Structure formats: structure tokens, C-alpha cells
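**Student:** Okay, handing you the structure first.
Each reported figure results from applying straightforward, stated rules to the coordinates on display, with no laboratory input. Owing to the predicted nature of the structure, the values given are computational and were not obtained by experimental measurement. So basically every Cβ, Gly included, is an ideal-geometry build from the backbone, and we count neighbours across all protein chains shown.
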Amino acid sequence: MGPKVRGGVAWVIDGQFSDYPTHAASLPVAIIPNGAATRNAHFRLDGSGIANLAAPALADWPEVHWSPAPESRRIDVDALTPAEVASWKPGERLLLKGRILTARDAAHQRIADMLARGEPLPVDFANRIVYYVGPVDPVRNEVVGPAGPTTATRMDKFTELMLSKTGLIAMIGKAERGPVAIEAIRRHRAAYLIAVGGAAYLVSRAIRHSRIVAFADLGMEAIYEFDVVDMPVTVAVDATGQSVHETGPREWRRRIGRIPVAIA
């Protein structure tokens, strides 16, 4: 548990493993690194003093020059309407410009608790987009640190509440949505967009201004308002409930089924 999960300023993961031939019935354990896969450092402590962690040379990284695809559709989120959201098609690439809100697990739970008590919310979500993200603190001249999307499935249980009670009309995250969330999106003619996972720093380059607007005590899980320019997203679930995470695999299964297989 580190700064990207439960707060704090550092984390340490130490694991020692032995492997042996085994059978599935013995319940072996599998560890699948995900978010931390490319955020780690290796060092050895031998008692001689403080570990020396050499900074990586920037020359080791390739130059990345990104430009929007010509067919991308530019969206002014400050003037967004339910009618425009309903016109988005699955797989369509959008470039967002304007102010979007952020919220993830802790903020959603607090919103749910406040609505249950009949309390007014500190932020107006009407006709707004929420980005599921917990941004890292900025350093030096950054507006915001890495700000990649978190897995949207964890917010599925809040989707009906947010769409029905707050006026929210679109969400941004990564990964698929479950059937409960998709049904809520269809019922309220909203949309779910996916941002680029695994490229948190590049996503943050689209954020030109950042400020906390609610729940500052939650740290990185506070509600921020980002002012973005050309933030690239893809429509994953449209207003009819059609999901690219269902149609995409189905289409590829169809194509693969047409590929001739040579039998020796």
C-alpha cells in the first residue's frame, strides 16, 4: 500500500519467493503487477551507508511526439449537453477541451453518504464529466503530476446514483464497465470514455490548470477541477449502452474464425 493507494509519501515492497512444481489443486498463488510495474527502484543495503539510487538518463528514453488523429472530434466540455453526449459513437475518438472534475473511490463514497443524509454537495456535477483519477503531486514547474485513469469498475456501484442524483453526463476511466453500470449509462443516456492507461505522465500534459474544489482532506482522492486542452479519450460505452469491450472482442472472434487454419 503506497502513495497511489492509501496515502503516504513512500512505499516498500519486499518479496522473497521459492518455486516448485505444483498442481492447481494445491492453490498456488499468482502475483500480477499492474500499476506499480514501471514505478520501482532496485537497490541493495549492505550496511555501508545510504543506498545510492542513480537517476535514469533521459537519453535512454525515446522521444515521444504526439499529435491528434485527423478524425478526432473536438469537444468543448464547458458547453457540453446531453444531446451531444448522446451523439457519440462507440470507438469514436474525442479531444476534450475545458473543465472536467475528478473523483474516485473515497470521493464517490462521501458523495453517496452526503446524498443519503440529504446534504447539499460542494460541487455542481450537472452536465459535467468526471475523470476517475488520483493525480500525483506536481514537482518543479508541473501543473499536476502523473494523472492516468484508474480502473472504472470500482465506481460501478455509484454510477446509478451519480447519474440520477447529480446531473453527471459522462465519465472517464480505464477498463470495462460491468452490466449494472452499463444499464445505468443506457437508462440516463450518458457515456463512458476511456483515457490512455499506462501513460499517466503523457495524459497530464493535457492538463493546463488544476485546483482542488472539494474534500481537500482526502489528499490525492480529493475532487479536483482540471482545465484540459486536447485530452484524448475514446468512447467506450455510448448512450445506448453499446460497449466496445463487448463489440470489440466479438468482432475479433468473428475475424479470427475466418482465418484458415493449416492442419499438419
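**Student:** With equal scatterers on the alpha carbons only and no solvent term, can you work out the Debye log10 of I(q)/I(0) for segment 59-196 at 0.15, 0.21 1/Å?
**Tutor:** Here log10 of I(q) over I(0) equals -0.80, -1.44.
**Student:** Order these by the 10 Å Cβ neighbour count, fewest first: 131, 201. The partial results should precede the final answer.
**Tutor:** Numbers: 131 27, 201 13.
Lowest count first: 201, 131.
**Student:** For residue 43 and residue 212, compute 0.36 nm times the residue count separating them, minus their Cα-Cα distance, and round to one decimal in nm. Could the numbers behind the result be given before it?
**Tutor:** Working: separation 169, 0.36 × 169 = 60.84 nm, distance 3.60 nm.
Gain on stretching residue 43 to residue 212: 57.2 nm.
**Student:** Going by how many other Cβ atoms sit within 10 Å of their own, how do 67, 87 line up, fewest first? Mind showing how you got there, number by number?
**Tutor:** On the way: 67 7, 87 13.
Least to most surrounded, the residues fall as 67, 87.
**Student:** If you don't mind, another one. For segment 64-108, which GluC sites (Glu not before Pro) are in a loop by DSSP, counting at most 15 other Cβ atoms within 10 Å? Walk me through the intermediate numbers first.
**Tutor:** Values: sites: 71, 84, 92; in loops: 71, 92.
Listed in order of number, the matching sites are 71.
**Student:** Would you mind telling me the antiparallel percentage of the DSSP bridges in segment 146-264, rounded to 5? Display every interim value, and only then the final one.
**Tutor:** Values: 10 of 15 bridges.
Antiparallel bridges: around 65 percent, rounded to the nearest 5.
**Student:** Determine the percent antiparallel among the DSSP beta bridges restricted to segment 73-249, to the nearest 5.
**Tutor:** Details: 18 of 32 bridges.
Here the antiparallel bridges make up roughly 55 percent for segment 73-249.
**Student:** Mind giving me the nanometre distance, one decimal, between the label points for residue 175 and residue 160, set 7 Å out from Cα along Cα→Cβ?
**Tutor:** In this crude spin-label approximation the distance works out to 2.1 nm.
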